[in-house]
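*Asks:* This is the structure, below, for whatever I ask next.
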Amino acid sequence: MEPTRDYPLFGGAFSATLPPGAIDVSDLRPVPDNQEVFCHRLTDQSLIVELLELQAQVRGEAAARYHFEDVGGVQEARAVQVEAVQPLLLENLALRGCCQEAWVLSGKQQVAKEHQQVAEVVTLHQALLRLPQYQTDLLLTFNQPPPDNRSSLGPENLSPPPWSLGDFEQLVSSLTLHDPNIFGPQ
């Protein structure tokens, strides 16, 4: 799939630009209703868009850290390390009209794949978009596992190439709300 300006998410309630090679994981296996998950065609990279309950008890940078650590707990990470947390400029977001606070976090988590004992260090980039009027924290996650050593092809021979941080930033900035009814009665 080539980059798509208005790829529908959550039944068309949202849309966003996805990077080349994005495969909708819901075509392969069940995905929770509050998530949209995409994987790269050739790498183990993934992108997740999640609608989560607003965690009003944490604010600012602490909210981004809270969600990062929560993801680590769900994935049973053996180690969780935050490397950087920065505010996102709301004017750069398509959701700027309803997003009151936005953060981007980069970190590493040591996780074992399903049914494996050996844990590998995965780099995660997360964007947290806070929508308190909808009682929602919107969490976007870009998982970057270490390169797969099984392939003898160099990155220059991959088609499509691995996703970049710029691809994730485009997803985050292009995320657009079309139907606020997804949040239920307000």
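The values are calculated or read from the model by the stated rules, or taken from the named source; none is laboratory data. No experiment lies behind these values; they were computed from the predicted model shown. Don't worry about glycine lacking a Cβ; one is built from the backbone with ideal geometry, like all the others, and counts go over all protein chains shown. Quick note on the areas: whole protein, heavy atoms, side chains included, nothing else; ligands and nucleic acids left out. Shrake-Rupley method; radii C 1.70, N 1.55, O 1.52, S 1.80 Å.
*Asks:* Of Val111, Gln86, Val49, which is farthest on the positive side of the dipole of the range 36-133, counting Cα position, with +1 on Lys and Arg Cβ, -1 on Asp and Glu Cβ, and the Cα centre as origin?
*Replies:* Gln86
*Asks:* Which label marks the calculated value of Kirkwood radius over Cα pairs in Å, given the options (i) 17.6; (ii) 17.1; (iii) 19.3?
*Replies:* Answer by label: (ii).
*Asks:* For the range 42-116, give the percent of accessible area contributed by carbon and sulfur heavy atoms, probe 1.4 Å, rounded to a whole number.
*Replies:* Of the solvent-accessible surface of the range 42-116, carbon and sulfur hold 45 percent.
*Asks:* Rounded to the nearest 500, what is the 222 nm mean residue ellipticity of the chain from helices alone, with -39500 (n - 2.57) per DSSP H run of 4+ residues and division by all residues?
*Replies:* Computed mean residue ellipticity for the chain: -4000 deg cm²/dmol.
*Asks:* Among Pro30, Gln133, Leu165, pick out the residue whose Cα is farthest towards the positive end of the charge dipole of the chain, where Lys and Arg carry +1 and Asp and Glu carry -1 on C-beta, about the Cα centre.
*Replies:* Leu165
*Asks:* A follow-up question, please. So how tilted is helix 165-174 from the main axis of the chain? Cα-based, degrees 0 to 90, rounded to 10.
*Replies:* For 165-174 against the chain, the angle is about 30 degrees.
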